[in-house]
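These notes are about the structure you will find just below.
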Amino acid sequence: MAGVASADELEVGESSGVVGLTADKPYLHVMHEGRSVKVQRVQDPDYELKGYFAKTVRKCPPFCIRPEQADPRVSTVGEVEIFEFMETKLRDGEGLLIDARTPQWHQRGTIPGSVNIPFTTLSKEVDAPEMVKALESFGVTRRSSVGFFTRKMEEMGFMDGELKSGKWNFSKAKDLVLWCNGPSCGQSPRAIKGLLKVGYPPERLFYYRGGMQLWQLWGLTTVIPNK
């Protein structure tokens, strides 16, 4: 239509009519399953959330409001921090956005750039094959036989011991942002607790508490896997 500019051509602001991600960022691009996906908000000012995530009241338990923190040692992040993560750590291969929900939920739609590693995997024991595969995909490496003296020195704080266990070296572990269905969902908190249990550094774990519910409430882009 003549005289109408695309969102790509407009600046964020009241005069432009563009509904931006933030005051100075109209949109961003993130790689998902080998293709670039544009992450933006729905541009229709009359948009209203419908479907499963529009429902705010469900029986508690199990759908109870969860604490702001999944663990006192793990930082909670919001949407703006997710945008920054997408354009830095995720883009540079230094971090992963983890959809910690079951595959059935993941197939209904996910946040662009996410990989599905369900909490049922990340809650397993450290020697379980699924957990081993997940840890290795996060940049964690198995250690060969560690001598008694070496391990004692590590436990005393020497030789980067705080990032090592008897079996695993977490010194090159990626930053992980884990999320699930939202503030009343316990899937990503369980995944976080499972990772902490096997020794994952808490400073490299982040909890997006808003999850899919708040992502959709803001009218942000979602994708259907394998499409």
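The values are calculated or read from the model by the stated rules, or taken from the named source; none is laboratory data. Values in this document were obtained by computation on a predicted structure and should not be read as measured data. Note that we place each Cβ from the backbone using ideal geometry, even for glycine, and neighbour counts take in every protein chain shown.
Considered as a group, the residues in segment 202-217 that are in a helix (DSSP H, G or I) and either farther than 21 Å from Met86 by Cβ or of a type in the set (Lys, Arg) (or both) include one that is nearest to the chain's Cα centre (by Cα), and that residue is Arg204.
Do you know which residues across segment 18-27 are in contact with a Leu (Cβ under 7 Å, 6 or more places away or on another chain) and outside any loop (DSSP other than H, G, I, E, B)? Hit for segment 18-27 is Val18, nothing else.
One line per residue, one yes/no per condition, for (1) under 21 Å from Val177 (Cβ atoms); (2) without any contact (Cβ under 8 Å) to a residue 12 or more places away in the chain; (3) in a helix (DSSP H, G or I); (4) among the charged types (D, E, K, R):
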| residue | (1), (2), (3), (4) |
| --- | --- |
| His29 | yes, yes, no, no |
| Ser36 | yes, yes, no, no |
| Val57 | no, yes, no, no |
| Trp105 | yes, no, yes, no |
| Lys124 | yes, no, no, yes |
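Among the conditions (1) closer than 24 Å to Asn226 by Cβ; (2) under 14 Å from the mean Cα position of the chain (by Cα), the only one that Thr76 does not satisfy is (1).
Right, Ile82: part of a helix (DSSP H, G or I) and either over 14 Å from the mean Cα position of the chain (by Cα) or touching a residue at least 60 places away in the same chain (Cβ under 8 Å) (or both) or not? So Ile82 passes the test.
Annotation note: of Pro112, Pro45, the sole residue that is over 16 Å from the mean Cα position of the chain (by Cα), part of a loop (DSSP other than H, G, I, E, B), over 20 Å from Pro183 (Cβ atoms) and in contact (Cβ under 8 Å) with a residue 24 or more places away in the chain is Pro45. Within segment 48-62, is there a residue that is closer than 19 Å to Arg190 by Cα and surrounded by 15 or more Cβ atoms within 10 Å (Cβ to Cβ)? So far as segment 48-62 goes, no, none of its residues is closer than 19 Å to Arg190 by Cα and surrounded by 15 or more Cβ atoms within 10 Å (Cβ to Cβ).
Going through (1) at pLDDT 95 or above; (2) surrounded by fewer than 22 Cβ atoms within 10 Å (Cβ to Cβ); (3) part of a helix (DSSP H, G or I) one by one, Ile192 falls short only on (2). Yes or no: Met159 exposed (fewer than 15 other Cβ atoms within 10 Å of the Cβ), in a helix (DSSP H, G or I) and either modelled with pLDDT under 95 or polar (S, T, N, Q) (or both)? For Met159, the condition - exposed (fewer than 15 other Cβ atoms within 10 Å of the Cβ), in a helix (DSSP H, G or I) and either modelled with pLDDT under 95 or polar (S, T, N, Q) (or both) - is not met. Would you say Phe83 is crowded, with 17+ Cβ neighbours inside 10 Å, within 23 Å of Asn226 (Cα to Cα) and at pLDDT below 95? No: the conditions fail for Phe83.
In the set (1) under 22 Å from Thr141 (Cβ atoms); (2) outside any loop (DSSP other than H, G, I, E, B); (3) not β-branched (Val, Ile, Thr), Gly199 fails one condition alone, (2). Among the residues of segment 199-209, is there at least one that is touching a Pro at 6+ places or on another chain (Cβ under 8 Å), modelled with pLDDT of 90 or more and either surrounded by 19 or more Cβ atoms within 10 Å (Cβ to Cβ) or over 21 Å from Ser75 (Cα atoms) (or both)? Looking for residues that are touching a Pro at 6+ places or on another chain (Cβ under 8 Å), modelled with pLDDT of 90 or more and either surrounded by 19 or more Cβ atoms within 10 Å (Cβ to Cβ) or over 21 Å from Ser75 (Cα atoms) (or both), one finds at least one in segment 199-209, hence yes. Given the conditions (1) under 23 Å from Asn116 (Cβ atoms); (2) in a loop (DSSP other than H, G, I, E, B); (3) in contact (Cβ under 8 Å) with a residue 24 or more places away in the chain; (4) not aromatic (Phe, Trp, Tyr), which single one is not true for Asp92? It is condition (3) that Asp92 fails.
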